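A short worksheet on the structure shown next.
Coordinate-derived values only; no laboratory data. Every value quoted in this text rests on a predicted model; they were computed, and no experiment measured them. A quick note on method: Cβ atoms are made from the backbone with ideal geometry, for glycine too, and the neighbour counts reach across all protein chains shown.
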Amino acid sequence: MESGKAYNPAQKQQKTDLPGWQSKPGRSVFFAASKQAWWAVLICVFFGAVSFFSVSGFNFRDLKYSGDSITSDEVPHLTSGYYYLESGRYFLNPEHPPLVKDVSAVLIRLFLNPDFPEVSYDAPFPSEAEKEDLFFNKKIFPRVLEIENYHWDNRMLIFNPQSNPDLIILLARLSVIIFNSTLLFLLYLMLRKNFGQRTSLIALFLLSFSPLSFAHASLVTTDFASSVLQMSALGAFAFYLYLFSNDRKYKWWLGLSAFLFAAAYSAKFSSLAMLAPAFLGGAAYLAVRGFKRTSRTDLDNDYQGRSLMGRLAVYAIQYATLAIISLALTIGFYAAHVYNSDGEGIKSQLQANYPAKFPDSGKEILFRLADSNIFGRAAATYAIGISMVVNRVDSAGQSAYFMGKIYGSEGAGVWYFPVLYLLKLPLPIHFLSFVSLLLFIISVIFLIFKKPTRDVKNSPTPRVGFKNGLLSYFRTISPLSFVLAAFLAVFSYEALNSRLNIGIRHFMPAIFAALTLTAAGIGRYWNFGLGKFLTVRNVFFASALVVVFSAALSFPHYLSYYNLAGGGTDNGYKTATDSNYDWGQDVKRLGKWIKENNIETVYVDIFSLNAPKYYFGENFRYFNLKNDPPPPSGSYIAVSAMNLQNNIYDKNIPPEKKYSIFKNNLEARVGKTIFIFKTP
């Protein structure tokens, strides 16, 4: 695309593009027919298949020991999602919005329809010994537990004797995988409207073939869906910006943007963070488009006589409308989950979770909403979730292992996310990002100091010097690039200053924005020569081949993936654990190891919310070397990577109580995350 001409999606399809399709004027992007869309369909279907088999395994006759066991966050999400559909109440797991949890319950409800304990207002607070009788036999869920957000107990649904745990987990994950794969295709459609066929396929490839995506799209968790929905929302919003800046019909895209913003809010509360950067990115794009030129003649006639400030004022009003509509849609979605919720229960959870730093007047307003109609209860329930997230981020009350140290509420520091970003993605993807950024910088410098060409001299506004050269270049850039750059900057700043450091998954929206911008750069400089026989296109295909090869070698252990710079998947636990490496996914494999090796007793110290008795039978004992004496000589100790690192690097644990005393007694390694030691 020639420098100096304003960005125009109608011109983005170049001869060197992969065969693409252009929707007819006025035709909905969702129904545009083209055989080239099948490239995206195939990628999304392949992504879904790899995600599914990476966690389900291939032994469908014995699901008990096939694939990954349920991970820690999946237990409350899966349980809560089914509880919402069964009860019409929203007191479990309010710290996460319901969208992904709802999706996880669809196939379970459709094909299995297991019983869920009925909420009882009369049942007293039970002892631990009484809970199994309540859940298994009486099928009662005491309200006192419900109001306390008792969502971690796997016995209410998943490991209830009347349930099929492995089939429940399989169907829940399958629901989410289908949903996430569909969202990927939606994102492709939004990117295609902004960038064209080639760049949208490059972006889809980078997002789909990352082990990070395979790992989190296959679980009943919110991070992947939220990230894709945020990118889709920003894509729709960016196309609205293009239409608005060119005085074309934009109301449909403004409405679609509001809907996708609401969908993102309904997946994860951190999606609210895109409101400010989206507005700033849009304002920057409109400012660049409408900036006064040095000549009286405006080459692009950007705003057709309207002042820049006037256009920005209209934009601000429309953005405020978008924000209000998206929040209203979110509350409407919540209303479908609280029709049986009572005001007293909502007020009880508000009282327990309302942040101390917030004004008391806000709590009083929420109390009144809780006692009002269904929409008031929905708004108050949404506020409970936001309150819980604010408290969690402020307290960061969870220890984290990172690069040889244990961190508490102070957090792991500003380098936590940058280091994991570099180590948890394939190195060729980083190389492509470097090439894209380098070419962008070179192009900007070149155009700033470029001398006028013959064609430019004949134009009324020759592009020479800092202002005209830079503005001419940025006018050729898609509005989505402006929006994503603003989003990446703001989100990264907030993340780097956060003290809640328990996984790169919390940084996934920024990663997706960075990869999409990488794709935009690669697509823009597709035929740029890097040497006599080397172009950016060649570099991309070579890098893509390595990425695919890396994904194949890492199968099925995508959750534990680290690139070679991070020591590879086998040694990644030495950098960071928790959801970066060990989320309890190898419990099934440990059960299979116990069975195949006829082990009588295993002492287990594993990070998991699974039911050990279901997988291990009576062949296990709970164990913690910090508090318990070493077992008899010849005994087997199974320690998960997270607990291993938290023990070894805890300065408050004496040397004789650390698992490092068994470093020469490693008997086996189950999956990637469980170490089996044999006591001397």
Length added when fully stretched, residue 669-residue 534, from 0.36 nm per residue minus Cα-Cα:
44.2 nm
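Let me spell out the model: positive unit charges on the Cβ of Lys and Arg, negative unit charges on the Cβ of Asp and Glu, origin at the Cα centre of segment 578-678. What dipole size does that give, in debye rounded to 20?
Working: 14 positive and 11 negative charges, 26 e Å.
In debye, rounded to 20, segment 578-678 gives about 120.
Where in the chain is the longest stretch that carries no chymotrypsin sites (Phe, Trp or Tyr not before Pro) classed as loop by DSSP and with at most 15 other Cβ atoms within 10 Å?
Longest site-free region, per DSSP loop and neighbour criteria: 534-680.
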For residue 132 and residue 148 in the same chain, what is the full-extension length gain: residue separation times 0.36 nm, less their Cα-Cα distance, in nm?
4.0 nm
Principal-axis tilt of helix 275-290 within the chain, Cα atoms, nearest 10 degrees
10
Between residue 678 and residue 59, what FRET efficiency comes out of the Förster formula 1/(1 + (r/R0)^6) with R0 = 22 Å and r the beta carbon distance, rounded to 0.05?
0.20
Quick check: from the Cα gyration tensor, does segment 233-291 come out rounded (a/c under 1.5), prolate or oblate?
oblate
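Note down the Stokes-Einstein diffusion coefficient of segment 328-404 in µm²/s, whole number, using a Kirkwood radius over alpha carbon pairs, 25 °C, and 0.890 mPa s.
Answer, rounded: 184 µm²/s.
Nearest 0.05, what FRET efficiency do residue 344 and residue 164 give at R0 = 45 Å with Cβ-Cβ as r? If you can, show how the numbers build up before the last one.
Numbers: r = 36 Å, r/R0 = 0.80.
It comes out at approximately 0.80.
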Both in Å, the radius of gyration and Dmax of the C-alpha trace of segment 132-264 are 20.6, 66
Determine, from the Cβ-Cβ distance of residue 121 and residue 360 and an R0 of 25 Å, the FRET efficiency 1/(1 + (r/R0)^6), rounded to the nearest 0.05.
0.30
Mind giving me the nanometre distance, one decimal, between the label points for residue 597 and residue 555, set 7 Å out from Cα along Cα→Cβ?
2.7
Of 268/663; 131/592; 64/651; 251/347; 139/657; 251/357, which ones are farther than 31 Å apart at the Cα?
268/663; 64/651; 251/347; 139/657; 251/357
What fraction of the Cα pairs in the chain, stated in percent, has a spacing above 36 angstrom?
45
Kindly identify segment 634-680 as rounded, prolate or oblate by the Cα gyration tensor criterion: order the square roots of the eigenvalues as a ≥ b ≥ c, call it rounded if a/c is under 1.5, otherwise compare a/b with b/c, prolate if a/b is larger, else oblate.
oblate
Between rounded, prolate and oblate, where does segment 578-678 land on the alpha carbon gyration tensor, with a ≥ b ≥ c its root eigenvalues, rounded for a/c under 1.5, else prolate if a/b exceeds b/c?
oblate
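Mind checking the full-extension length gain between residue 496 and residue 618? Use 0.36 nm per residue of separation minus the Cα-Cα distance, one decimal, nm.
Values: separation 122, 0.36 × 122 = 43.92 nm, distance 4.52 nm.
Roughly 39.4 nm would be gained on extension.
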